[in-house]
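Only one structure is covered here, and it is reproduced in the block below.
The values are calculated or read from the model by the stated rules, or taken from the named source; none is laboratory data. The structure presented is a predicted model; accordingly, all values stated were derived computationally and were not measured. For neighbour counting, all protein chains shown are included, and Cβ atoms are generated from backbone atoms with ideal geometry for every residue, glycine included. Just so you know, the surface numbers come from the protein's heavy atoms only, side chains and all, with ligands and any DNA or RNA stripped out. Shrake-Rupley method; radii C 1.70, N 1.55, O 1.52, S 1.80 Å.
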Amino acid sequence: WQPCGLVDRIVKAGLSFKATGDSVRVPFFDVPGVRYRVAVTDTMLAFFFADSAALAKAIAPLDTLRMTPPTDSLMPWPALPSVIRSGNLLALYFADSERQIERLRLAITAGAPAQVP
């Protein structure tokens, strides 16, 4: 995944989706995250790793529900995230609507992004 492919996929799925222009750094990921606004009130953080193996290695020691180190008492996220993985992409989605979470999950996991020559 690349940021442009993610935006294209989500917009084609009919969701309002736009990068906010800021990045997110957390000490337990080597890559910065990109913050996106989904619809009017939702936020998604996307972390683009070099490949799926690098993503798997990065999240292996984490609490899979909170997506933080098990001993971390200060959660860096605004709420408990909905975790979406696809290839080298880790998306943490913060939304209240189960329907919206499912729509975004399906858009991202519908298959690998198209390769640009």
- Message: I'm checking my understanding of the structure. Among residues of region 28-40 that are among the β-branched types (Val, Ile, Thr) and open to solvent by 20 Å² or more (accessible area, probe 1.4 Å), which one is nearest to the chain's Cα centre (by Cα)?
- Response: VAL34
- Go through region 41-64 and count every residue that is open to solvent by 40 Å² or more (accessible area, probe 1.4 Å), closer than 18 Å to PRO3 by Cα and either assigned to a strand (DSSP E or B) or of a type outside the set (D, E, K, R) (or both). 2
- Might you check whether a residue that is of a type in the set (A, V, I, L, M) and exposed (fewer than 14 other Cβ atoms within 10 Å of the Cβ) occurs anywhere in region 11-22? yes
- Task: Mind telling me which of the residues ARG25, ARG105 ends up being exposed (fewer than 11 other Cβ atoms within 10 Å of the Cβ) and either free of Cβ contacts under 8 Å to residues at least 24 places away in the same chain or acidic (Asp, Glu) (or both)?
- Result: ARG25
- Query: Can you find a residue in region 72-89 that is out of contact with any Cys (no Cβ under 9 Å at 6 or more places or on another chain) and part of a helix (DSSP H, G or I)?
  - Reply: no
- Would you please list the contacts, defined by Cβ atoms under 8 Å and residues six or more apart or on different chains, that run from a residue in region 61-82 that is under 21 Å from ARG103 (Cβ atoms) to a residue that is open to solvent by 80 Å² or more (accessible area, probe 1.4 Å)? LEU80/LEU65
